[in-house]
Structure formats: structure tokens, C-alpha cells
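Q: Got a structure for you, written out below as C-alpha cells; questions coming shortly.
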Amino acid sequence: MGRSRAAGYGAFVEQRTDRRTPAAATAVRTAPGLLDAVEVRRSARRRRTVTAYRENGRTVVLIPAAFSAAEERRWVDQMVAKLQTREERRRRNLASDEDLVARAAELSERYLDGRAVPASVRWVENQNRRWGSCTPADRTIRLSGRLRGMPEFVVDYVLVHELAHLLEPSHDEHFWSLVHAYPRAERALGFLEGVGFSTADLPPAAGEGPDDELEPGTVV
């Protein structure tokens with residue numbers, strides 16, 4: 001595994017071939033001031049677009065293979081900054097339980113005709129293997145703290161999923177028709193499946209029961 005210094009980075013860079021995408025090269029670096037490593041994936045399939053997201057505790061930036069070292073440096077710094085700003089904004093927007101209650105009410109009104117009215121919605125830190133849970137008997141909803149910082153449409157999806165349980169406790173066909181009233185349900189499910197796969201070995205937190213599936217046959 002070859003190692004080199006990338007000009008201008010001022011940080012250690014590890015170069016390797018990305019086996020998942022044959023036409024891509026990957027660089028991994030930990031830059032001063034960044035909490036996580038940044039993995040740069042170059043792809044010949046990309047021409048102009050640049051994408052950044054979180055994966056397995058690091059930041060992944062996808063760039064065109066034709067980018068120069070200077071372009072890579074500029075775009076990586078820009079995309080990491082944008083990602084951090086967006087995540088911080090999400091954390092502020094849904095920081096408290098009161099924020100979750102307000103958001104749940106808005107989503108219920110928009111997608112469930114206002115019929116799902118929870119008694120409480122709150123963040124919890126004891127759910128490592130499920131994203132949310134609902135107790136229809138007392139109309140309480142809990143969201144895993146692991147959702148903090150995830151895209152807003154993903155948090156919204158989990159809220160809609162749990163709100164739907166207030167109307168239909170089981171995962172039957174009627175339940176999924178309620179959930180899929182949320183237009184970004186499939187995209188959110190894909191996102192959560194990816195995250196769930198990377199954390200599949202996490203043990204359940206104290207007092208946590210069986211996983212609440214987000215799709216028939218899907219375990220998160």
C-alpha cells in the first residue's frame with residue numbers, strides 16, 4: 001500500500017485502489033481541525049459533479065478522476081465545510097424534544113391528514129439497533145439519537161414511520177401505504193439500509209428489545 005504526501009494538504013495521505021469502483025482511486029487523509037478522516041474517491045465516470053457524505057465514521061468525497069491536486073484540495077475543503085454546516089443546521093433545527101413534537105405535528109398534517117397525534121416525541125440514547133419506536137397504547141414516540149446529524153428527509157421518514165404506527169400498529173399493507181404517503185420514503189430507506197449495514201454488529205442498548213423493521217425483511 002503506497003504512501004505519499006499530497007502537495008498543499010499538509011496532512012498524511014494514503015493512496016489505494018477502490019475495489020468497489022474499478023475506475024476510481026481513493027485517498028484517505030486526516031487534516032488538522034477535522035474530527036474524522038476524509039476519504040477522497042476519484043472516478044472516471046464523473047465529469048463535473050462532486051458529492052460528500054458520511055460513511056463509517058469518516059467523510060467521503062467523490063470527485064472526477066481528472067481533477068488536479070489543487071482542484072481536489074479546494075473541493076474537498078469546500079465540501080467538508082458545507083457538510084459540517086448542513087449537519088449543524090439540522091442539529092439546531094431538531095435539537096430538542098419540543099422541536100420533534102412540532103415537526104411530527106407538521107408531518108402528520110401534511111401526509112396523514114392530521115390523524116396521528118402523539119402524546120410525546122423525544123430523542124433517546126438507548127436505541128442502538130433501531131431508528132425509532134412507538135407505543136400505540138400511550139401514543140409515545142422515541143427517535144434514536146443516532147439520527148442526529150442525518151439528512152432531514154431521513155429523520156422525517158422515521159417520524160412518519162412511527163406516526164403511522166399510531167394509526168396501524170402492525171407492519172401490514174395498510175401501514176406501508178400510510179408510510180409511503182411520504183414522497184421520499186424509498187430514498188430514506190435506501191439511506192438507512194446503508195447506515196444499518198455498516199452498524200449491523202452494534203449490540204442492543206440496555207433495555208432495548210427486538211429491532212423495529214423499517215421495511216418488510218429489513219433489519220436496522
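Q: Please tell me if SER108 is in the same structural domain as HIS161 (by TED's automatic domain parsing) and in contact with a Gly (Cβ under 6 Å, 6 or more places away or on another chain). Before the answer, list the steps.
A: Values: in the same structural domain as HIS161 (by TED's automatic domain parsing): yes; in contact with a Gly (Cβ under 6 Å, 6 or more places away or on another chain): yes.
Yes.
Q: Mind counting the residues in region 30-50 that are at pLDDT 75 or above and either exposed (fewer than 12 other Cβ atoms within 10 Å of the Cβ) or in a loop (DSSP other than H, G, I, E, B) (or both)?
A: At the first step, the residues of region 30-50 found to be at pLDDT 75 or above are 37-50.
Narrowing further to those that are either exposed (fewer than 12 other Cβ atoms within 10 Å of the Cβ) or in a loop (DSSP other than H, G, I, E, B) (or both): 37, 44-50.
Selection size over region 30-50: 8.
Q: Just checking, how many residues over region 178-220 are modelled with pLDDT of 50 or more, touching a helix residue (DSSP H, G or I) at 6+ places or on another chain (Cβ under 9 Å) and over 14 Å from VAL155 (Cα atoms)?
A: Pass one, region 178-220, residues modelled with pLDDT of 50 or more: 178-197.
Of the ones still in play, those that are also touching a helix residue (DSSP H, G or I) at 6+ places or on another chain (Cβ under 9 Å) are 178-185, 187-189, 191-192, 195.
Next cut, over 14 Å from VAL155 (Cα atoms) only: 178, 180-181.
Total satisfying the criteria: 3.
Q: Also, I was wondering about something else. Given the criteria closer than 26 Å to ARG115 by Cα, among the β-branched types (Val, Ile, Thr), at pLDDT 95 or above and part of a helix (DSSP H, G or I), does VAL158 qualify? Step through it out loud before you land on a result.
A: Details: closer than 26 Å to ARG115 by Cα: yes; among the β-branched types (Val, Ile, Thr): yes; at pLDDT 95 or above: yes; part of a helix (DSSP H, G or I): yes.
It is true that VAL158 is closer than 26 Å to ARG115 by Cα, among the β-branched types (Val, Ile, Thr), at pLDDT 95 or above and part of a helix (DSSP H, G or I).
Q: Among the residues that make up region 127-137, is at least one of them among the hydroxyl-bearing types (Ser, Thr, Tyr), modelled with pLDDT of 95 or more and not assigned by TED's automatic domain parsing to the domain that holds THR85?
A: Here is the first cut: in region 127-137, the residues among the hydroxyl-bearing types (Ser, Thr, Tyr) are 133, 135.
Checking which are modelled with pLDDT of 95 or more leaves us with none.
Within region 127-137, not a single residue is among the hydroxyl-bearing types (Ser, Thr, Tyr), modelled with pLDDT of 95 or more and not assigned by TED's automatic domain parsing to the domain that holds THR85.
Q: Continuing with this model, one more query. Test of understanding: among ARG90, ARG73, which residue is assigned to a helix (DSSP H, G or I), at pLDDT 80 or above, surrounded by 12 or more Cβ atoms within 10 Å (Cβ to Cβ) and touching a Gly at 6+ places or on another chain (Cβ under 9 Å)?
A: Numbers: ARG90 fails: at pLDDT 80 or above.
The unique qualifying residue is ARG73.
Q: Still on this model: Residue by residue through region 114-140, note down the ones that are among the hydrophobic types (A, V, I, L, M, F, W, C) and either within 20 Å of PHE191 (Cβ to Cβ) or part of a loop (DSSP other than H, G, I, E, B) (or both).
A: Going residue by residue through region 114-140, those that are among the hydrophobic types (A, V, I, L, M, F, W, C) are 116-117, 119, 121, 123-124, 131, 134, 137.
Answer for region 114-140, where residues must be among the hydrophobic types (A, V, I, L, M, F, W, C) and either within 20 Å of PHE191 (Cβ to Cβ) or part of a loop (DSSP other than H, G, I, E, B) (or both): ALA116, VAL117, ALA119, TRP123, TRP131, ALA137.
The values are calculated or read from the model by the stated rules, or taken from the named source; none is laboratory data. The model shown is predicted, which means the values in this text are computed figures rather than measured ones. Please note: Cβ atoms are built from the backbone with ideal geometry, for glycine as well, and neighbour counts cover all protein chains shown.
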